[in-house]
Amino acid sequence: MHRIRPTRVLRIRNLYSLKRRMISSTNYLAQELDPDFSYGQQVAFAKARIGNFFQAQPSLGNQFTEDMPLRNYLRKTVPREVLEQFTPDLERFGHRVATDLYALHLECERDAPKLEQYDAWGNRVDNIITCPAWKQMHDISAEEGLVAIAYERKYGPWSRLYQCAKLYLYAPSAGLYGCPLAMTDGAARILEVIGNAQLMERAYKKLITRNPQQFWTSGQWMTERRGGSDVGNEDNKLLFQGYTTLSNVRMYQVCYTQLPISSDKYTCQGLLTCLQTSSETDLSVNLMT
């Protein structure tokens, strides 16, 4: 018969005694923290496999009032009488991007746009299918004036900074909708600089409106086969003849590209801008001096 050595028995007894003292200490501490605690009550985490801890889901606070670097920058840069006028809107929007807009952002992340190249009968359709949240982002962007603020110029030269601050708050909760807004802003600025009366009436007003039913967004053609949009690249003369890496005009009402007019890659005599709407294409030249 195998006998347990006395030293081993002593070790087991010591471990058992240590465990009892630890449980007793835990119960004593629990009673000190909670007078209503009874010794027969199960202590959370008293055993390795028992516990009632569940981590709470993190929640976002107001993205403007809690962003001290942004607030300090605006306070130091923008005149006080101007800042006081649009700060309430930033505070309101800072709360919105952390609540309902953030929920839309998560839906956009879960249900990304899909390309349907062919229908059930084999016809080429190239439809881009977006989720309802993406469409809501379109309406919200118009209502909040995320493009319009810069062109309304209500606060003079500070309007652009006001717009940038609002876009800064919006981007993390945008579900990537900040990308078409950036292209829309670019298209609006191009049309404003060119100053073509017909284009200003037909497209410009719709790019900067706050009316969701009239608001247009813009895409753009990439100008490099390897990606990017470096208009100073000498390969652009080939790309304009038919090589493009991305065309997202089907998602938007306007699409544009820009190519340099120059004799070499180091000199830019102007920009050739091609603007395409749903059914028509316009070519305009903006000579830079």
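The values are calculated or read from the model by the stated rules, or taken from the named source; none is laboratory data. Computed from a prediction, not measured in an experiment: that's the story for all the values here. When we count neighbours, we look across all protein chains shown, and the Cβ atoms used for this are built from the backbone with ideal geometry, even at glycine.
Observations on the structure shown:
- Selection count, the range 115-161, where residues are of a type in the set (Ser, Thr, Tyr), exposed (fewer than 13 other Cβ atoms within 10 Å of the Cβ) and touching a Leu at 6+ places or on another chain (Cβ under 9 Å): 0
- Selection status of Cys164, modelled with pLDDT under 95, in a helix (DSSP H, G or I) and not basic (Lys, Arg): no
- Qualifying residue in the range 116-132 (condition: in contact (Cβ under 8 Å) with a residue 40 or more places away in the chain, assigned to a helix (DSSP H, G or I) and either hydrophobic (A, V, I, L, M, F, W, C) or under 25 Å from Leu74 (Cβ atoms) (or both)): no
- Being modelled with pLDDT of 95 or more and either polar (S, T, N, Q) or over 15 Å from Tyr252 (Cβ atoms) (or both) holds for only one residue in Leu169, Leu199, and it is Leu169.
- Among the residues making up the range 184-205, those that are buried (at least 19 other Cβ atoms within 10 Å of the Cβ) and under 23 Å from the mean Cα position of the chain (by Cα) are Thr184, Asp185, Ala187, Ala188.
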